[in-house]
Each structure stands twice: as C-alpha cells, then as structure tokens.
Amino acid sequence: MAREPGLNTRCVHSARTADASTGAVAQPIYLSTTFERDADGGYARGYQYSREGTPNRAALERCVAALEGGVGALAFSSGLAVNMALLELLNAGDQLVAPIEGYYGTLRQFREHAVRRGIGVAFADFTTPASVRAAVTPATRMIWIETPANPLLSITDLAQICAIGRESKAWVVCDNTFATPICQRPLDFGVDLIVHSGTKYFGGHSDVLSGLLVVGQDEALLTHLRDWQRLAGVGLAPFDCWLLRRSIATLGLRVRAQCANALRIGEFLASHPAVERVYYPGLSDHPGHALARAQMRGGFGAVVSFCIIGGSAEAIAVTTRTRLFTRATSLGAVESLIEHRASVEGPATAAPQNLLRLSIGIEDAEDLIDDLDQALR
Ligand SMILES: *Cc1c(COP(=O)(O)O)cnc(C)c1O
C-alpha cells in the first residue's frame, strides 16, 4: 500500500486544487450568499445558500478532516459554538462526565447552560481514570476530555478514557486545541469526536475566531451535526474559512517551532530563582510527562504555565514588564502572549493567584528567554 503523506504535506495539499475556471492556485474567496439553480431546478454544482455551505467552508472542512483522520469536519463561528452543538446531542436526564480542569468557557457552558437544560454534569479528575469511571452512571452519554488541559496542562490517558466510554456506550469527546493534530491524534485512541478552537493554532495569527468539529467514524452522526450547524446558522463565514485554510499550510512548521521554544522556556523557568513551579508536560517533573510522551508526538504543545514566588500582585507586575510577550489572553499564534490567568477567569477560578500562563510563539527562543529574565528580575 502507498505510504500515507506526512503531516506537512497534508497541511499544504489537503483539499487544495487549482481553481477550475481560472487556474488560480490560491482558492478564490466566494462571498456569494446564493447560488444559481440549474435549468432543471437542481443544484448539481453543490451549493445553494451560504448558510448551508460554501466552497471555502467545504475546502477547510475537508482539510481538517484529513489532518485528524476523521470521516468529516465542520467549521463553526467559534470553539464555543462547537461545544454547544455537541451539548445539543444530549437530552434532559442524560449525564455528561466533565473534567475539573478545562477551558473556563467550556466549564461555564456545562455548569450553566447544560445544567439548565436538565443535563446532569458530573465533574471528575481526569488524571485518574478511576475517578472518571466512578462518575459514570447508566445515564452517561458523553465523556469530555481536554488534554493537555487549561491552565495546569494536566494530561488525560486517552486510551483508558475511551475504554470507559466504550463500556458505558457514551461518546468520548476530546478538546484537542492545546495539542493540535501535529502533536496528538485523538482518533487513533478511539475518541469519537474532536473539538478545536480554530482561533488558536489553526488560525495561528490572532485574527480569526473559529471552531472546528471532527467526527471520527460515524457518518450518521456527521450528517446530524452538519444539519444542526446549518439549522443553527453557525457555519464559519467564507473569508474566515479562507484565512484558516491559508494558515493551515504552515500549521506543522509553526507548531513544531512553538513546541521547541516552549520546551526551552520551560527549562529556563524551572531553573529561575523567582519561579516557584513550572507546569509544562515536556518537563520530566510534570505529573503527566510519561503519559504525554506516550500519547503525544512531535512536541508537548506551546502553553507554559508557571507560579512565581509571591501572590497576585507580583504576578501581575511581571506582565507589565515584558516587552516581547504581549499582555493578552488567548494562545496559539505566532506572537508570544502572557496573562495572569486568575484575572481572566474571575472569582470562580481554580487557577492559582500567582500563576502566569504563557503562549509561546515563533520568535527566537533566546529573545523570549531574555525578555522573561528581565521581567522576572
Ligand atoms: C479558546 C478555547 C476554547 C474556546 O474557543 P473560542 O474559539 O474562543 O470560542 C475552547 N477550548 C479551549 C481549550 C480553548 O483554548
């Protein structure tokens, strides 16, 4: 059998063909909201109204499905819009098992929106599969993984949680935003559905809000979710799809460079006298390091969290002194960011008050290290 193309080749070539009518190598942006009917009343060319689908969205969705190895993908207006689509798979009385550590917007959707719809939400410590197993009940229909998780980069054992999912006949969802398909392919471990905030590494330049949903094997589930995406009117707009498809060409190059930088910065911080503790799965003292080595490849992601010696005021002061790191939330882009996570998440946060979260970009590692060193002084 022919060898499968590598990840960089797929990033460049998946769903890319020269435009049939003009020969344009870069796909044109189709802004048209409506498409001409054929003389017989049909739509043999595949498009009718842009809420339903556009050439740019179709190209992006095919490319993302190829990167994750799923039967299909759907592009949404944000990562949280993807989560909402998945919560719509659950009915009142169903139960969702969710992680205690995860993106705070996701956890708010579970606590506030899902609970209001009558869905039972049981929170478990996903670093211990036994804790997840104990949370499962006969009503469990979905198990939600985020790995590495925000903000302490905890690692969940994908194979073990998928085994629990199979036993309980529940969908296993994995938020793969922090790893990207470059570092982790959840479908290989038996996950049913993958969610991404496309706003982060896929976009990679802090200029496009988006979400991506990948369905592993179940064609009927894909059809159902596509129908929901269309009925809810939350498909990603043509220009945003085009920006994402353009950025994905460099996804492998960017993510590998970011991961290499992140490892060096993690090592630097671990030896810095002003730092109490570093959280980065690439460091051997991270509790999830061995597991991350086993189920990730090509890198451990490019988010590095660390606690400084001191409290909230000292942590915030560091963010006022960096010159290259921009003081802003979000992650995944070419430029490095620093944020005081507890301030972003508000009073309900589980993030330690002295924790700073870094998103590492593609700048030269020496320059980023010098910047942090002067800011920590
Ligand atoms: C940002 C983020 C989300 C939400 O995505 P949006 O595109 O901001 O709606 C979900 N999960 C994780 C892990 C994230 O970092």
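The values are calculated or read from the model by the stated rules, or taken from the named source; none is laboratory data. Every value quoted in this text rests on a predicted model; they were computed, and no experiment measured them. Glycine also receives a Cβ, built like all others from the backbone with ideal geometry; neighbour counts cover every protein chain displayed.
Before moving on, here are some points about what is shown:
- Summed over the stretch 93-145, residues that are of a type in the set (S, T, N, Q), more than 20 Å from the chain's Cα centre (by Cα), under 22 Å from F178 (Cβ atoms) and not in a helix (DSSP H, G or I) total 1.
- In summary, D19 fulfils each of the numbered conditions (1) within 18 Å of F239 (Cβ to Cβ); (2) crowded, with 16+ Cβ neighbours inside 10 Å with the single exception of condition (2).
- Among the residues making up the stretch 176-204, those that are more than 19 Å from R62 (Cα to Cα) and out of contact with any Leu (no Cβ under 8 Å at 6 or more places or on another chain) are A179, C183.
- Number of positions in the stretch 144-164 that are away from the ligand (no atom under 16 Å from the Cβ) and surrounded by 24 or more Cβ atoms within 10 Å (Cβ to Cβ): 1
- Filter result for T320 (more than 16 Å from the ligand (Cβ to nearest atom), among the polar types (S, T, N, Q) and closer than 22 Å to G105 by Cβ): no
- Some residue of the stretch 127-136 being under 26 Å from V344 (Cα atoms), surrounded by fewer than 22 Cβ atoms within 10 Å (Cβ to Cβ) and in contact with a helix residue (DSSP H, G or I) (Cβ under 9 Å, 6 or more places away or on another chain): yes
- Restricting attention to the stretch 323-356 and to residues that are part of a loop (DSSP other than H, G, I, E, B) and within 14 Å of the ligand (Cβ to nearest atom), the residue that is surrounded by the most Cβ atoms within 10 Å (Cβ to Cβ) turns out to be G332.
- Evaluation of R230 against the conditions (1) more than 15 Å from the ligand (Cβ to nearest atom); (2) within 16 Å of L60 (Cβ to Cβ); (3) touching a Pro at 6+ places or on another chain (Cβ under 7 Å) shows that the sole unmet condition is (3).
- Members of the stretch 62-100 that are among the acidic types (D, E) and crowded, with 22+ Cβ neighbours inside 10 Å: E68
- Exclusive hit being in the same structural domain as V191 (by TED's automatic domain parsing), touching a residue at least 40 places away in the same chain (Cβ under 8 Å) and farther than 26 Å from R357 by Cβ, set A75, A98, A135, A92: A75
- Residue list for the stretch 88-107, restricted to those being touching a strand residue (DSSP E or B) at 6+ places or on another chain (Cβ under 8 Å) and either more than 21 Å from L153 (Cβ to Cβ) or more than 13 Å from the ligand (Cβ to nearest atom) (or both): L89, L90, G93, D94, Q95, L96, V97, I100
- Residues considered: R323, R327, R341. Of these, the only one that is among the charged types (D, E, K, R) and at pLDDT below 95 is R341.
- Every residue from the stretch 25-72 that is among the small types (G, A, S), assigned to a strand (DSSP E or B) and over 21 Å from the mean Cα position of the chain (by Cα): none
- Residues in the stretch 190-220 that are outside any loop (DSSP other than H, G, I, E, B), in contact (Cβ under 8 Å) with a residue 40 or more places away in the chain and away from the ligand (no atom under 16 Å from the Cβ): V215, E219.
- Within the stretch 299-322, the set of residues being part of a loop (DSSP other than H, G, I, E, B) and farther than 20 Å from L153 by Cα comprises G310, G311, T322.
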